[in-house]
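A short worksheet on the structure shown next.
Derivation of every value follows stated rules applied to the coordinates shown; laboratory data play no part. Everything numeric in this text was worked out from a predicted model, so none of it was measured. Neighbour counts run over all protein chains shown; Cβ positions are idealised from the backbone, glycine included.
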Amino acid sequence: MHPTRSAFLLVGLLACGGHASPEGAAPAPSSTSGATASTGPSIGADEIASSGGATAWDVVDRLHRRWFRDQLTGKEVSIYEDNQSVGGADKLRGYPSRDVAELRYFDGQTAVRRWGPGVEGGVIMVVRNRT
């Protein structure tokens, strides 16, 4: 590649924050609902409060219903709190939304890598308010 063309491409990439994206592309998701390598997509405290859901189940049902069943395996999600399994999706009905700081989702493949076999349906991690 011609040196001037390489420099032009480098300047263009730096101007885009290192990410080449088509003109008019949608912005990246916010940190509360976007995916990260270590935690996966999440629902933060503000989204929980604004959802109007009475329980964690209601919040997930309204905002991310697909979390209840892994899209690849078709298996049901497991619920974890403090890195410990507490049961199936119905356990979310026992968490009043006012007591939940965050809900984090891990798809089946990620969950199996983190916790081992038995969570092929994915995991919803409940992070409770600590006040």
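Of the residues making up the range 100-113, those that are surrounded by fewer than 21 Cβ atoms within 10 Å (Cβ to Cβ), within 15 Å of the chain's Cα centre (by Cα) and not acidic (Asp, Glu) are Ala101, Arg104, Gln109, Thr110.
If you go through the range 49-95 and pick out every residue that is over 17 Å from Pro117 (Cα atoms), surrounded by 15 or more Cβ atoms within 10 Å (Cβ to Cβ) and among the hydroxyl-bearing types (Ser, Thr, Tyr), you end up with 3.
The residue list Gly74, Gly108 contains one member that is over 24 Å from Arg130 (Cα atoms) and touching a Lys or Arg at 6+ places or on another chain (Cβ under 7 Å), which is Gly108.
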